[in-house]
Amino acid sequence: MPAQPAYKRILLKLSGEALMGNLDYGISPSVMSRLASEVQEVVRLGVQTAVVVGGGNIFRGEGLARAGMDRVTGDQMGMLATVINALAMQDALERIGQEARVQSAIRINEVCEDFIRRKAIRHLEKGRVVIFAAGTGNPFFTTDSAASLRAIEINAELLLKATKVDGIYSADPVKNRRAKKYAELSYDDVLDRRLGVMDQTAIVLCRDHKIPLRVFNMNTPGDLLRLIRGARDVGTLVR
Ligand code: GTP
């Protein structure tokens, strides 16, 4: 495998659930440290790395909306949950000597920077990890859509979606033993077959702006680094 990375700038989407490890709620310190180390290794290869984190480990607006809570309020609470995760990730990175900056889509200046695209790009050029928090800043948009949007805005060459399974399958691999893993799909395959790996808005944004998307399992140590080095057998590529 080549020692040189295959990409100059990437965006990694981590779900809130990815931060929970075996906990039922919140952030697992050991999982957070492992993720921070893997991200640092990627940066050390010379790859400019941005991160979008979800908030589902702390709060999920959708469920409460179904129970009667105002959806906009629920989504705003979800956005604040992503800020908590982003601060935890920034802390975990800085503790191992990796500079990082949190930029939020909603103004919360005492806590972190605002999202300013050009400043985010400068941070990346200086080798800092930029963690984008608060989704797109709007209710009704998922953090997956935020990941696609930010990937486009910073001209990332690849959007990485970290999940709990090692790619996109024809059916749920947990429930169906005959589910087949795809090595590669087109954006329209994912949309037409409703493969449900990301919401449709997120996929359409990637398609219309030609950002390749790779879905992979963040729980397999080393896979992130392998795919950054160009391994083709990690996860599923959508392009
Ligand atoms: P350079 O332009 O390379 O110097 O980037 P920098 O981020 O180190 O410098 P800057 O002076 O912009 O920021 C210094 C510190 O303050 C960094 O830790 C920033 O994350 C932080 N910071 C910058 N703007 C804000 C803000 O609006 N709110 C908060 N809470 N922190 C900020």
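Within region 105-120, residues that are in contact (Cβ under 8 Å) with a residue 60 or more places away in the chain reach partners that are within 11 Å of the ligand (Cβ to nearest atom) with beta carbons closer than 8 Å, at six or more positions or on different chains, in the pairs Ala120/Arg101; Ala120/Gln103; Ala120/Val130.
With the structure loaded, tell me whether Ala50 is surrounded by 21 or more Cβ atoms within 10 Å (Cβ to Cβ), in a helix (DSSP H, G or I) and either out of contact with any Gly (no Cβ under 8 Å at 6 or more places or on another chain) or touching a residue at least 24 places away in the same chain (Cβ under 8 Å) (or both) or whether it fails that test. So Ala50 does not fit the description; no. Restrict the check to region 177-195 and report whether at least one residue is within 14 Å of the chain's Cα centre (by Cα) and at pLDDT below 95. No, region 177-195 has no match at all. Scanning region 108-117 for residues that are in a loop (DSSP other than H, G, I, E, B), surrounded by 13 or more Cβ atoms within 10 Å (Cβ to Cβ) and near the ligand (Cβ under 6 Å from one of its atoms) turns up Val111, Cys112.
Residues being crowded, with 16+ Cβ neighbours inside 10 Å and either in contact with a Ser or Thr (Cβ under 9 Å, 6 or more places away or on another chain) or closer than 22 Å to Arg117 by Cβ (or both): count how many of those fall in region 81-97. Lay out the reasoning, then the answer.
We begin by selecting, within region 81-97, every residue crowded, with 16+ Cβ neighbours inside 10 Å; these are 81-90, 92-93.
Retained after the next criterion (residues that are either in contact with a Ser or Thr (Cβ under 9 Å, 6 or more places away or on another chain) or closer than 22 Å to Arg117 by Cβ (or both)): 82-83, 85-87, 89-90, 92-93.
So the answer is 9.
Checking Ala120 against (1) among the small types (Gly, Ala, Ser); (2) farther than 24 Å from Leu23 by Cβ; (3) more than 14 Å from the ligand (Cβ to nearest atom): exactly one of these is not met. Which one? Here Ala120 meets the rest and fails (3). Each residue in region 123-167 was checked for being within 16 Å of the ligand (Cβ to nearest atom), in contact (Cβ under 8 Å) with a residue 60 or more places away in the chain and assigned to a helix (DSSP H, G or I), and 2 pass.
Of the residues making up region 1-29, those that are in contact with a Gly (Cβ under 9 Å, 6 or more places away or on another chain) and either part of a strand (DSSP E or B) or over 14 Å from Met89 (Cβ atoms) (or both) are Met1, Pro2, Gln4, Pro5, Ala6, Tyr7, Lys8, Lys13, Leu14, Glu17.
The values are calculated or read from the model by the stated rules, or taken from the named source; none is laboratory data. Just so it is clear, the model here is predicted, and its values are computed rather than measured. Counting neighbours? That spans all protein chains shown, and the Cβs are built from the backbone with ideal geometry, glycine included.
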